[in-house]
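All remarks here apply to the structure that follows.
The values are calculated or read from the model by the stated rules, or taken from the named source; none is laboratory data. Here the structure is a predicted model, which is why all the values come from computation and not from measurement. Backbone-built Cβ (ideal geometry, glycine too); neighbour counts: all protein chains shown.
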């Protein structure tokens, strides 16, 4: 007990010390200990007032000196508005500043509250309140004098703050502002010239990660003139990036950016402020920006209202390496679908090129183009460009021969072409050996449990299903909504017959009337009439799965089915296995991609959700014999007996029978 009291008495001075330090920092820093934070130091430019006066501000740890005033300000008290949960290099401060004349006189001095918002290493925004003087008997205090300390008012917004631009910008990577190649249309808010949409108006912002060169700090913006637009122009400007930041305006969060013309000497024309909105959900995958005429961010009201309105469209980078030099297999030309690890893609293939259109979300997509350069066996060296990106890569495709409506493939590691390699006339052969080596297809040499990606013909061409017969099944699922449910597929041709159904079972079948479909009913009336025929003659199967392709890989049998009424994915991947003569088990993936670890009995691992345990249940008049193909050789054609015509049943006449009997007796003698 005594030891705990001694420990408690030891903590009291420590708590008092911490509280004293906090108060001295946030409220009671006197003019002796108060210093302007180092991230604010520098030579700054701003355009202020209704007349747009040019103001130059010099800030160091001791003073805040404006070019339009004879006096300067010194720090009297300050408070740090810590941004909890936000990682940035600077902080927002409220500073109570004392006015000091150029002669150093501080008698009857004014006190000004200045709220500073740190945006980027090159951008500050601040709000300055009116002069406050100490009344008789009342001392100046940051808590009582500065309204930013009152939670009702808080820190300033973009609308009521002035933007400071650092005159000697620090190095900031442009990747946060622009990255890639864009074509843009532009419209000047004044002059009524209209929209200029010239294909040669482009932005090129190509950064090389980790490069120490200036290409990471600047981007080029080329304006091209339109003959019918009077406000258009021919001009190329190289802008230096000054950083980006996020701010809320009128209840909407916008992304702001600042740039500086590297050639312009007039400060009013040199600095620009830009604004955009992330996740614009544009149907054409375009990006809208607005740019200020002068160094003023308050003139940007929305992405549709500003001095200069820009609409950016991603374009492929210009290159000569997209000219094809070889041909792809002719039987894979067409429209395809593939399900990646994260996104699904629509793929278009012709004799020389492959185009992947990948949906990032409902509104954004990415286009990647591949051009055939060299081939050997199943390996194809391709050049790759992504629309809106700067890089030109060499990648290798390993394309298996097509079977059914399936093409299996895998893609190797991307490789860049160096300047030294370009000088070699036989650079493609060297690049093929590098990019198409078998080791390049495995990103991790210890990860040997890989499997092929799958291209699915879209729309598919049906093929005979590998599993045939009539079965009853049991469903195992992680959630109830994963299971197949009873539903009525539209309006039937005839009214449903009201029958007394006494036997209800689950049914899955693929019979001789349509070998390419699997019909599935979660609840099927199995009651038959006196002839052994099903009484539900008008029943239509709840689910119809069209077989697209099947194969065996790593001793596991895979099946792709297509159901255009599936609410989750039109294409589904299955792993199936025959356990005995009458038992089959199937595991369904949640989309067209099967997990590498998925087996026919898995429904709880990621990417799965349902297992069907099937037991053979063919009846007398079903005409639904069993069949099973493990897919060990998907290139073999199915054994099909084609009945071209069938003759009618005939009975021999009495005269014909007499003649045949006579001939038989004659031959015996």
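Looking at residue 208, is it surrounded by 11 or more Cβ atoms within 10 Å (Cβ to Cβ), outside any strand (DSSP E or B) and touching a helix residue (DSSP H, G or I) at 6+ places or on another chain (Cβ under 8 Å)? Steps first, please.
Numbers: surrounded by 11 or more Cβ atoms within 10 Å (Cβ to Cβ): yes; outside any strand (DSSP E or B): yes; touching a helix residue (DSSP H, G or I) at 6+ places or on another chain (Cβ under 8 Å): yes.
It is true that residue 208 is surrounded by 11 or more Cβ atoms within 10 Å (Cβ to Cβ), outside any strand (DSSP E or B) and touching a helix residue (DSSP H, G or I) at 6+ places or on another chain (Cβ under 8 Å).
Considering only residues of region 390-410 that are out of contact with any helix residue (DSSP H, G or I) (no Cβ under 7 Å at 6 or more places or on another chain) and under 17 Å from residue 636 (Cα atoms), which is surrounded by the fewest Cβ atoms within 10 Å (Cβ to Cβ)?
Ranking the candidates gives 401 first.
In this structure, is residue 295 crowded, with 19+ Cβ neighbours inside 10 Å and either at positive phi or in contact with a helix residue (DSSP H, G or I) (Cβ under 9 Å, 6 or more places away or on another chain) (or both)? Break it down into steps so the answer makes sense when it comes.
Numbers: crowded, with 19+ Cβ neighbours inside 10 Å: yes; either at positive phi or in contact with a helix residue (DSSP H, G or I) (Cβ under 9 Å, 6 or more places away or on another chain) (or both): yes.
Spelling it out, residue 295 is indeed crowded, with 19+ Cβ neighbours inside 10 Å and either at positive phi or in contact with a helix residue (DSSP H, G or I) (Cβ under 9 Å, 6 or more places away or on another chain) (or both).
Scan region 301-309 and give yes if some residue there is surrounded by fewer than 19 Cβ atoms within 10 Å (Cβ to Cβ), within 23 Å of the chain's Cα centre (by Cα) and farther than 24 Å from residue 206 by Cβ, otherwise no.
Checked against the condition, which is being surrounded by fewer than 19 Cβ atoms within 10 Å (Cβ to Cβ), within 23 Å of the chain's Cα centre (by Cα) and farther than 24 Å from residue 206 by Cβ, region 301-309 yields no hits at all.
Select from region 387-430 the residues that are farther than 18 Å from residue 351 by Cβ and in a strand (DSSP E or B) and list them in ascending order.
Matches in region 387-430: 392, 393, 394, 395, 396, 398, 403, 406, 408, 410, 411, 415.
Within region 435-457, which residues are free of Cβ contacts under 8 Å to residues at least 24 places away in the same chain and farther than 17 Å from residue 399 by Cα?
Hits for region 435-457 are 444, 445, 446, 447, 448.
Considering (1) in contact with a strand residue (DSSP E or B) (Cβ under 8 Å, 6 or more places away or on another chain); (2) not assigned by TED's automatic domain parsing to the domain that holds residue 422, say which one residue 340 fails and leave the rest.
Unmet for residue 340, out of (1) in contact with a strand residue (DSSP E or B) (Cβ under 8 Å, 6 or more places away or on another chain); (2) not assigned by TED's automatic domain parsing to the domain that holds residue 422: (2).
Show me the strands (runs of 3 or more DSSP E) entirely contained within region 120-205 in which 2 or more residues are out of contact with any helix residue (DSSP H, G or I) (no Cβ under 7 Å at 6 or more places or on another chain) and within 30 Å of residue 316 (Cα to Cα). If you could, list the steps in order and put the result at the bottom.
On the way: elements: 123-128, 162-166, 180-188, 202-205.
Output list reads 180-188, 202-205.
So is residue 327 closer than 30 Å to residue 204 by Cβ and surrounded by fewer than 16 Cβ atoms within 10 Å (Cβ to Cβ) or not?
On the way: closer than 30 Å to residue 204 by Cβ: no; surrounded by fewer than 16 Cβ atoms within 10 Å (Cβ to Cβ): yes.
Judged against the criteria, residue 327 is not a match.
If you check 320, 266, which single one turns out to be under 30 Å from residue 417 (Cβ atoms) and free of Cβ contacts under 8 Å to residues at least 12 places away in the same chain? Talk me through it step by step, then tell me what you get.
Details: 266 fails: under 30 Å from residue 417 (Cβ atoms).
One residue alone meets the criteria, 320.
Look through region 333-373, keep the residues that are crowded, with 19+ Cβ neighbours inside 10 Å and touching a helix residue (DSSP H, G or I) at 6+ places or on another chain (Cβ under 7 Å), and return whichever of them is farthest from residue 454 (Cα to Cα).
The residue in question is 373.
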